[in-house]
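Accompanying notes for the structure given below.
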Amino acid sequence: MLLPRVLTALFGIPVVLLLIKAGGPAYAVFVLTVIAFSLYEYATMMKLGAKPVQSPALYFFGLLLPAALYFDRFGPSAAGPNNFSGLLVSLTVIGIMSWELFSPKKYLERMGLTLLGVFMISWCLFHLVAIRELRPAGFWLTIMLIVTVWVMDTAAYFFGKNFGRRQLSTISPKKTWEGAAAGFISAILTAWALSKLSGGAFSPAFAAGAGVLIGIFGQVSDIAESMLKRAVGAKDSSSILPGHGGILDRFDSYIFLAPVIYYYAVFAL
């Protein structure tokens with residue numbers, strides 16, 4: 001499985017870096033595409049696990065919400081007639097609950113899992129766009145987040161595989177405390193090193209704080225997505241990426257991290 005992983009990474013990493021560099025609509029479309037595939041994989045996993053989901057409502061609101069956030073410049077609470085995102089947040093809750101209200105068979109679980117999919121995937125992952133649009137540090141913040149997660153995941157995988165002895169969580173039996181510690185340390189060091197390359201976009205102290213957050217929330221987010229897969233008996237969210245599983249598998253760390261790093265930057269920079 002190592003060769004497909006390497007080949008996928010060799011193709012995917014340059015493409016992602018080019019899209020980050022481009023920013024603007026190109027990067028926003030990329031993130032929206034990631035969200036769309038992730039919503040599909042989430043709905044598919046739930047169905048395979050006999051978990052009810054309102055698939056049409058999941059796709060409809062799950063794609064409209066990030067689009068509204070983008071055109072509103074990420075502000076769901078802004079006053080005025082163009083508050084599309086605030087409207088969509090409200091309509092998402094109203095629409096999904098109403099869908100269940102008028103369904104022949106009513107399941108609270110189906111309503112809850114649909115809302116979880118929209119806000120876990122669409123709301124949280126959209127913050128990747130919001131980070132890139134931060135001025136003036138958005139480009140380097142995005143590079144720091146993406147590259148640090150890559151390094152963290154790689155360090156955790158190799159150290160855990162070769163030196164891991166103590167199981168980190170019963171949800172992910174192969175993850176170990178030794179691997180998690182290696183990932184945590186590598187996240188801090190990588191973020192700090194990137195601050196030196198950023199030309200003063202952010203300070204080493206800010207980067208070290210970001211590294212701590214990435215080292216904690218990135219790995220917890222990974223386990224949280226594994227919890228969903230374990231609940232439905234799935235090994236991967238899909239097989240679209242050879243050697244890597246699905247799109248949601250590749251972006252699971254960013255579910256928690258995207259909003260955490262965005263608001264950390266907003267408050268700390």
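Mind counting the residues in segment 105-121 that are out of contact with any Asp or Glu (no Cβ under 6 Å at 6 or more places or on another chain) and within 13 Å of residue 57 (Cα to Cα)?
Final tally of qualifying residues: 9.
Quick one: which of 201, 231, 207 is of a type outside the set (Val, Ile, Thr) and in contact with a Gly (Cβ under 7 Å, 6 or more places away or on another chain)?
Only one candidate qualifies: 231.
With 232, 220 as the choices, which residue is more than 15 Å from residue 125 (Cβ to Cβ) and within 16 Å of the chain's Cα centre (by Cα)?
220
Please go through segment 235-267 and give me each residue that is within 21 Å of residue 130 (Cα to Cα) and not aliphatic (A, V, I, L, M), ordered by number. I'd like the intermediate steps shown before the answer.
Taking segment 235-267 first, the residues within 21 Å of residue 130 (Cα to Cα) are 247-248, 250-267.
Within segment 235-267, 250, 251, 252, 253, 254, 256, 259, 262, 263, 264, 267 qualify.
Take residue 10 and tell me if it is assigned to a helix (DSSP H, G or I) and either in contact with a Lys or Arg (Cβ under 6 Å, 6 or more places away or on another chain) or surrounded by 13 or more Cβ atoms within 10 Å (Cβ to Cβ) (or both).
No: the conditions fail for residue 10.
Among the numbered criteria (1) in contact with a Gly (Cβ under 9 Å, 6 or more places away or on another chain); (2) without any contact (Cβ under 8 Å) to a residue 24 or more places away in the chain; (3) surrounded by fewer than 17 Cβ atoms within 10 Å (Cβ to Cβ), which one does residue 85 miss?
That leaves (3) as the condition not met.
Restricting the search to segment 175-203, which residues are surrounded by fewer than 18 Cβ atoms within 10 Å (Cβ to Cβ) and among the aromatic types (Phe, Trp, Tyr)?
Within segment 175-203, just 177 meets the criteria.
Where in segment 36-148 are the helices (runs of 4 or more DSSP H), entirely inside, with at least 2 residues that are out of contact with any helix residue (DSSP H, G or I) (no Cβ under 8 Å at 6 or more places or on another chain) and more than 25 Å from residue 230 (Cα to Cα)?
84-101
Sort through 135, 230, 165 and tell me the only one that's modelled with pLDDT under 95, in contact with a Phe, Trp or Tyr (Cβ under 9 Å, 6 or more places away or on another chain) and surrounded by fewer than 20 Cβ atoms within 10 Å (Cβ to Cβ).
165
Across segment 33-49, which residue is surrounded by the most Cβ atoms within 10 Å (Cβ to Cβ) among those that are touching a residue at least 12 places away in the same chain (Cβ under 8 Å) and more than 16 Å from residue 249 (Cα to Cα)?
Looking at the filtered set, the residue picked out is 49.
If you go through segment 29-63 one residue at a time, how many are more than 14 Å from residue 116 (Cβ to Cβ), hydrophobic (A, V, I, L, M, F, W, C) and at pLDDT 95 or above?
Within segment 29-63, residues that are more than 14 Å from residue 116 (Cβ to Cβ), hydrophobic (A, V, I, L, M, F, W, C) and at pLDDT 95 or above number 10.
Scan segment 251-269 residue by residue and report those that are crowded, with 17+ Cβ neighbours inside 10 Å and either assigned to a loop (DSSP other than H, G, I, E, B) or in contact (Cβ under 8 Å) with a residue 60 or more places away in the chain (or both).
Of everything in segment 251-269, those that are crowded, with 17+ Cβ neighbours inside 10 Å and either assigned to a loop (DSSP other than H, G, I, E, B) or in contact (Cβ under 8 Å) with a residue 60 or more places away in the chain (or both) turn out to be 251, 252, 253, 254, 255, 256, 257, 258, 259, 261, 262, 265.
The values are calculated or read from the model by the stated rules, or taken from the named source; none is laboratory data. Every value quoted in this text rests on a predicted model; they were computed, and no experiment measured them. Cβ: placed from backbone, ideal geometry, glycine included. Neighbour counts: every protein chain shown.
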